Amino acid sequence: MKFTFTEKKMAASDSLRAYVEKKAGKIDRLFRTESEAFVTFSTERGRFLVELTIKNNGTFFRASELTSDMYASVDSAVATIERQIRKNKTRLAKKLREGAVEREVQELPYVAEEDSAESEEFNVVRRKQFSIKPMSVEEAILQMNLLDHEFFVFRDEAADGTFSVVYRRKKGGYGLISDEAE
């Protein structure tokens, strides 16, 4: 497993990094291909936050844990991802074909502009570009749940690649928004 560490408002020790590599490295045995792990360490109000994202074959698994001990946060994040994988193992094997949700996210650099009273009300502070692969609605919902997002954009293969969005409804269930066929 390839690790990428990011530190915010703190410096992570070598022993902490080794601990993460040991604990998160165990997740790699659940996959056929090598995975990438993105680990972010930070502090919030005297508590320690670990954000762990695992990418394998285009599928993302994400967990974020905030505790009073950094090592406990690591343990909780790894356990959360293991639960996600085990819970969705059958769906992942049946629904996701090779490379179904594979995408490359290219973040554009953000350049801070001078604040002025005449600045626009709608200021875009971050942009992402990625290719949108065709997939089924079920695959899109699964990917949205694995990322723990509120919505997910995809091309609906059942509707000839129509641009679509699935979202989690506040009252339960899921919604689907799609482009109108002409």
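Applied to region 72-86, the Karplus parametrisation 6.51 cos²θ - 1.76 cosθ + 1.60 on θ = phi - 60° returns per-residue 3J(HN,Hα) values of 5, 5, 4, 4, 5, 5, 5, 4, 4, 5, 4, 4, 4, 5, 5 Hz, with x for Gly and Pro.
Just order 73-83, 15-25 by mean Cβ neighbour count inside 10 Å, highest at the front, would you? Each step should come with its number before you reach the end.
On the way: 73-83: 18.7, 15-25: 15.4.
Top to bottom by mean Cβ count within 10 Å: 73-83, 15-25.
Hey, rough spin-label estimate for residue 147 and residue 89, points 7 angstrom out along Cα→Cβ, what's it come to in nanometres? For the pair residue 147/residue 89, the computed spacing is 2.6 nm. So, in Å, what gap is there between the alpha-carbon centers of region 55-77 and region 1-49? With region 55-77 and region 1-49 each reduced to a Cα centre, they are spaced 8 Å. Rolling a 1.4 Å probe across the protein heavy atoms gives region 45-89 an accessible surface of 49 Å² per residue.
The values are calculated or read from the model by the stated rules, or taken from the named source; none is laboratory data. Since the model is a prediction, treat every value here as computed from it, not as a measurement. Virtual Cβ from ideal backbone geometry, glycine too; neighbours counted across all protein chains shown. Each accessible area value is taken on the protein alone, full model and side chains, heavy atoms only, with ligands, DNA and RNA left out. Shrake-Rupley method; radii C 1.70, N 1.55, O 1.52, S 1.80 Å.
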